[in-house]
1. Report Rg(Cα)/(2.2 N^0.38 Å) for segment 67-112, keeping two decimals.
2. Grab the other residues whose beta carbon is less than 15 angstrom from that of Arg127, score K and R as +1, D and E as -1, and report the net.
3. Could you work out the relative contact order of segment 21-66, using alpha carbon pairs under 8 angstrom and six or more residues apart, expressed as a whole percent?
4. Roughly speaking, what % of Cα-Cα pairs in segment 89-130 are separated by over 11 Å, rounded to a whole number?
5. If packing is taken as the average number of other Cβ atoms within 10 Å across a peptide's residues, how do 141-151, 48-58 rank, most packed first?
6. Just the number please: accessible area per residue for segment 46-160, 1.4 Å probe, all protein chains included, in Å².
7. What is the sum of charges around Gly37, taking Lys and Arg as +1, Asp and Glu as -1, for the other residues whose C-beta is under 14 Å from the C-beta of Gly37?
Amino acid sequence: MTAQTCPRQHQRTTMEIASLEPSLYTVKAVFILDNDGNRLLSKYYDKELYPSMKEQKNFEKNVFNKTHKADNEIAFVEGMTIVYKCSIDLFFYVVGSSQENELMLMAVLNCLFESLGQILRKNVERRCLLDNMDGVFLVVDEIIDGGVILESDPQQVIQKVNYRADENPLSEQSVAQVRSYTRTHTHKAMSLHV
């Protein structure tokens with residue numbers, strides 16, 4: 001039979017081919033969980049995958065339950081390819097579609113882990129991560145943008161993050177904004193009482 005004599009067969013083959021076509025949108029989600037499976041950071045790039053917070057947390061809990069005691073680096077959960085790594089009291093996950101190349105996802109995971117290792121000065125643990133969340137988000141954003149992998153070399157990520165931090169340090173900017181806000185509102189409050 002040819003495609004002309006069996007249109008249903010031709011339609012199915014075309015749909016299968018379309019779903020296997022390469023895409024720049026490689027990463028569906030990235031998340032970091034603690035030892036208890038609680039979310040510390042998550043970014044979902046496919047808005048249709050798990051649109052609500054509840055669905056995301058259920059997915060993360062399911063992934064954690066299937067991976068936290070396993071010695072593997074790759075899991076297949078709910079039709080997703082997941083690569084993961086643990087460090088002391090943290091679990092790092094990168095999620096892709098079922099057809100995604102595990103090596104690409106692993107390159108993202110390794111870049112994330114090594115970049116954070118440099119930023120956190122080899123202290124890749126929960127407390128240190130929480131103390132440096134602004135830098136963690138910068139690292140994630142330098143590696144992935146909207147599901148597209150931008151960088152997989154940790155040295156390049158660190159260089160870009162340090163450049164941005166030098167250009168406009170978050171902590172200094174935040175302190176300056178708080179001081180300005182405090183001065184303005186204190187001055188207004190004092191003028192009202194006089």
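1. Numbers: Rg = 10.1 Å, N = 46, 2.2 N^0.38 = 9.4 Å.
The value comes to 1.07.
2. Details: positive: Arg121, Lys122, Arg126; negative: Asp34, Asp36, Asp89, Glu125, Asp131.
Around Arg127, the surrounding residues sum to -2.
3. Numbers: 35 pairs, mean separation 14.0, N = 46.
Relative contact order here is 30 percent.
4. On the way: 568 of 861 pairs.
In whole percent, the share of Cα-Cα pairs in segment 89-130 beyond 11 Å is 66.
5. On the way: 141-151: 17.2, 48-58: 12.8.
The packing order, highest mean first, is 141-151, 48-58.
6. On the way: 6000 Å² over 115 residues.
Using a 1.4 Å probe on heavy atoms only, each residue of segment 46-160 averages 52 Å².
7. Working: positive: Arg39, Lys57, Lys61, Lys66, Lys69, Arg126; negative: Asp34, Asp36, Glu60, Asp89.
For residues surrounding Gly37, the net value is +2.
The values are calculated or read from the model by the stated rules, or taken from the named source; none is laboratory data. Since the structure is predicted, the reported quantities are computational estimates derived from the model, not experimental observations. Heads up, the Cβs are rebuilt from the backbone with ideal geometry, glycines too, and the neighbour counts pull from every protein chain shown. Keep in mind that these areas ignore ligands, DNA and RNA; they rest on the heavy atoms of the full protein, side chains included. Shrake-Rupley method; radii C 1.70, N 1.55, O 1.52, S 1.80 Å.
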